[in-house]
Amino acid sequence: MDLSWTGFMGSIPPQLGNLSNLVYLDLSNYYYKEKALFTENVDWLSSLSKLEYLDLRGRNLSRSFNFFHILQTLPSLMHLHLSRCTLPLYNQPSLLNSSSLLTLDLSYNLFKGSIPDGIRNLTLLENLDLSGNSFSSSIPDWFYGSFRHLTYLDLSYNNLQGTISDALGNMTSLVTLHLSGNQFDGPIPTSFGNLCNLREIYFSNLKLNQTVNEILEILAPCISHGLTTLQVQNSQLSGNLTNKLGDFKNVVRLDFIGNKIGGDLPRSLAKLLSLRSLELSENQFSGNPFESLGSLSKLSKLYIDHNRFQGVVKEDHFANLTRLESFHASGNNLTLKVGPSWHPTFQLYDLDMSSWQLGPNFPSWIHSQNKLHSISMSNTGISDSIPSWFWKTFSQAEYLNLSYNHIHGELWTTLTNPISINVVDLSANNLNGKLPSLSNVVGSLDLSNNLFSKSMADFLCQNQDKPMGLGFLYLASNNLSGEIPDCWMHWPDLVEVNLQSNNFVGNLPSSMGSLAELQSLHIRNNSLSGPFPTILKKTTKLIFLDLGENKFSGRIPSWIGESASNMKVLILRSNQFFGHIPTTICDMRRLQILDLAQNNLSGNIPTCFNRLNVMTLTNKSSNPRIYCEPANNTFLDSPVSVVSVLLWLKGRGDEYRSILGLVTSIDLSNNQLVGEIPREITDLNGLTYLNLSHNQLIGHIPGSIGNMQSLLSIDFSRNQLCGEIPLTISNLSLLSMLDLSYNNLRGKIPTGTQLQTFDASNFIGNDLCGPPLAINCSSNNGIDSYDANGKGSDRHGVEWFFVSMTFGFVVGFWMVIGPLLICRSWRYAYFHFFDHVWFKLQSFFF
């Protein structure tokens with residue numbers, strides 16, 4: 001009975017136990033766990049005494065606490081598949097003791113610790129799959145000698161430690177070996193060469209630290225004649241491929257992606273006449289690869305992208321590659337020189353020739369490749385218009401990337417029907433005129449950095465009879481103008497909208513509030529005005545909002561923290577907002593970037609910033625990118641949904657994309673903020689950039705600033721801060737920028753690993769001394785002197801000039817004025833004397 005992939009849900013019926021003659025039972029499927037078949041009582045299995053094959057992959061067995069005990073009652077069981085079954089963690093397979101079991105699949109059940117001892121009794125095993133669990137020890141010694149008949153072994157994607165043991169060479173029956181995705185380090189042992197029956201080897205994502213030629217030398221004597229698959233991706237291989245590669249004449253798949261292998265491809269590569277898949281991407285190969293690849297007539301998949309290949313590729317180089325279907329060769333310095341009438345002998349399904357020199361004319365040979373589903377010809381020197389046949393020929397394609405060329409013309413004139421390609425990237429060209437019409441199957445459209453200048457209304461409001469399926473819309477850096485049209489209700493699946501760097505005026509239209517799936521909105525650098533857009537109160541899924549460099553005014557609303565609690569990036573810089581910073585911003589617990597610079601904000605800095613949880617974490621997310629997940633996951637790959645943004649860090653604006661998820665920043669500069677820097681801000685241990693410059697802040701720099709160990713940049717310049725620079729600031733070992741200029745700070749600049757390397761201009765406009773300033777902290781200059789440890793001297797900062805002046809005033813007062821107050825006769829004589837002098841002067845002058 002085979003009921004696999006039928007979509008049945010609910011409880012597995014126990015009546016299956018009545019099928020007492022059943023030999024083969026397959027109930028497998030990989031649906032979501034909450035929809036999977038499950039069973040709480042597996043007693044019915046014990047009635048199937050003749051069962052030889054049982055496949056429950058993807059089924060929920062978390063409530064079947066006696067499952068492995070029931071398996072002991074199946075004497076004929078030979079093949080057991082339990083991948084992704086959510087088995088109870090304490091129900092380890094140590095209870096298995098079947099003398100007839102040939103296949104055991106326990107992959108992706110998240111077993112922890114070491115490989116269980118219980119399976120060592122399964123001496124007849126031929127196929128063992130323990131992949132995708134959480135084993136964290138080394139492979140136990142008993143493992144290598146327990147399975148004399150094992151032909152298939154998969155231990156991939158666990159957390160197994162240590163080196164690959166020499167004892168692996170004793171498992172001479174192995175045909176397929178998967179060890180990828182573990183923590184093994186060190187080289188492949190020479191005993192590996194004893195495994196003469198090996199046909200498939202998967203050693204990706206390890207730490208072999210070995211030359212590729214050493215591996216070939218180990219495999220060549222006994223294994224090379226039968227090996228069909230060798231996959232060693234991202235395993236720190238180095239060196240050059242040698243002619244030893246020619247010994248592997250029966251290899252079908254060769255994969256060395258993501259290593260440090262260099263040099264020219266060896267001529268012996270031409271001997272691999274059985275080769276169907278060759279993947280050498282992301283290495284350091286050089287030369288012209290097609291001088292060695294031209295004779296591989298069975299090759300269907302060729303990935304050589306992101307190397308150092310260079311040279312001219314001609315028609316003859318492709319003459320024998322008649323079966324080529326997937327060709328990735330981007331990121332090299334190659335030039336294709338073919339005649340205008342060239343028709344390739346192959347039919348491609350997948351093409352990526354980005355960074356080749358294909359222009360200046362639009363390549364006419366691609367017209368013959370009418371089976372293409374993915375086309376990438378970015379940065380290829382094309383200075384032509386897109387021919388009208390292109391859109392008809394590739395109307396069924398799923399992905400198109402012609403960005404960073406010099407393609408010109410009015411796009412809409414070449415279209416006989418609306419664009420129907422799933423993902424379209426025509427950014428960074430010279431296209432102009434009207435925006436094109438789309439069908440509702442288009443998931444992503446990127447027309448940014450072009451010359452489109454007509455009204456956006458025709459594009460946005462053209463289809464009002466049915467909703468559009470567009471999820472990502474990029475129209476940045478064009479010449480679009482006027483008000484943003486009010487037709488967004490027809491685009492309900494939009495996840496990211498980028499309209500920045502155009503000439504839009506007015507405020508956001510009310511229909512934008514209907515974008516319930518919107519996660520990212522970029523409208524920076526326009527001429528939009530009015531109060532903070534209230535329609536954003538309805539877009540509760542926003543994680544990225546950039547309203548910077550516009551003319552918005554009024555107060556930042558208090559509801560922003562409630563409606564946008566999932567916000568990661570909030571940029572309102574260079575507008576005309578005034579009033580206090582609302583404390584509800586502190587409710588954005590996931591906020592990573594807060595930029596309110598260059599407004600008219602006043603009042604104190606909120607003391608609640610320490611509630612911004614992400615900024616308190618020193619260990620950033622393992623994923624350095626910020627993604628927008630499409631509402632419909634079926635049409636879009638995640639790389640096109642990576643958020644990018646212009647950030648002003650360290651005094652300059654840079655585009656952040658690939659590492660945006662690692663950046664944490666607060667920029668409140670160029671406002672009218674007053675009061676002291678709140679001590680609570682120093683609780684943000686994960687903050688990397690802090691800019692409070694050009695405000696009216698007073699008081700001391702918090703002494704606990706040294707706790708902010710992740711800080712890369714601090715700018716407190718042009719405020720009214722006073723007191724000494726805290727000694728703890730020297731604890732900030734990652735600091736690469738510090739600007740404290742033009743405040744009222746005084747004393748010695750603390751000594752530290754970085755502070756003395758900063759430019760002196762970062763400390764001027766204060767009463768400071770010591771390196772990097774040329775002012776010496778001595779007693780002659782009126783500035784406190786400090787010892788080598790940054791502590792004050794015995795004078796404790798006393799200014800003796802002012803002390804002596806005060807003492808002289810007191811003494812003079814009591815010596816001259818005091819007697820006059822005490823003795824009446826002296827007072828009479830004193831004032832009589834001045835009256836007499838005044839009388840004489842009047843007589844003299846008048």
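The values are calculated or read from the model by the stated rules, or taken from the named source; none is laboratory data. In this text the structure is predicted, and so the values were computed from the model without any measurement. Glycine gets a Cβ as well: all are built from the backbone with ideal geometry, and neighbour counts include every protein chain shown.
Odds and ends about this structure:
- Residue 168 vs. criteria part of a helix (DSSP H, G or I), among the aliphatic types (A, V, I, L, M) and modelled with pLDDT of 90 or more: yes
- The test for being among the β-branched types (Val, Ile, Thr) and crowded, with 22+ Cβ neighbours inside 10 Å holds for residue 666.
- Scan of the stretch 103-144 for residues that are touching a strand residue (DSSP E or B) at 6+ places or on another chain (Cβ under 7 Å), in a loop (DSSP other than H, G, I, E, B) and under 16 Å from residue 171 (Cα atoms), ordered by number: 122, 125, 126
- Only a single item in (1) at pLDDT below 95; (2) surrounded by 15 or more Cβ atoms within 10 Å (Cβ to Cβ) is not met by residue 339, and it is number (2).
- Selection within the stretch 482-521 - of a type in the set (A, V, I, L, M), surrounded by fewer than 18 Cβ atoms within 10 Å (Cβ to Cβ) and touching a Leu at 6+ places or on another chain (Cβ under 8 Å): 505
- Which numbered condition residue 278 misses (of (1) surrounded by 22 or more Cβ atoms within 10 Å (Cβ to Cβ); (2) closer than 25 Å to residue 344 by Cβ; (3) of a type in the set (A, V, I, L, M, F, W, C); (4) at pLDDT below 95): (4)
- Qualifying residue in the stretch 298-315 (condition: of a type in the set (S, T, N, Q), surrounded by 21 or more Cβ atoms within 10 Å (Cβ to Cβ) and in contact with a His (Cβ under 8 Å, 6 or more places away or on another chain)): no
- The residue of the stretch 231-259 that is farthest from the chain's Cα centre (by Cα), among those that are among the hydroxyl-bearing types (Ser, Thr, Tyr) and either surrounded by fewer than 22 Cβ atoms within 10 Å (Cβ to Cβ) or farther than 21 Å from residue 187 by Cα (or both), is 242.
- Matching residues in the stretch 324-383 - criterion: being over 35 Å from the mean Cα position of the chain (by Cα) and part of a strand (DSSP E or B): 337
- Unmet requirement for residue 551, which otherwise passes all of (1) modelled with pLDDT under 95; (2) surrounded by fewer than 17 Cβ atoms within 10 Å (Cβ to Cβ); (3) under 25 Å from residue 671 (Cα atoms): (1)
- Residue-level analysis places residue 379 outside the set of residues that are touching a residue at least 60 places away in the same chain (Cβ under 8 Å), touching a Phe, Trp or Tyr at 6+ places or on another chain (Cβ under 9 Å) and over 28 Å from residue 481 (Cβ atoms).
- Options 570, 542, 521; residue that is touching a helix residue (DSSP H, G or I) at 6+ places or on another chain (Cβ under 9 Å), part of a loop (DSSP other than H, G, I, E, B) and not acidic (Asp, Glu): 542
- Residue that is in contact (Cβ under 8 Å) with a residue 40 or more places away in the chain and either closer than 21 Å to residue 591 by Cβ or not in a strand (DSSP E or B) (or both), where the choices are 673, 735, 690, 711: 673
- Any hit, the stretch 577-589, residues being touching a strand residue (DSSP E or B) at 6+ places or on another chain (Cβ under 8 Å), part of a loop (DSSP other than H, G, I, E, B), buried (at least 16 other Cβ atoms within 10 Å of the Cβ) and in contact (Cβ under 8 Å) with a residue 60 or more places away in the chain: yes
- Residue 445 within 24 Å of residue 516 (Cβ to Cβ), in a strand (DSSP E or B) and either hydrophobic (A, V, I, L, M, F, W, C) or out of contact with any strand residue (DSSP E or B) (no Cβ under 8 Å at 6 or more places or on another chain) (or both): yes
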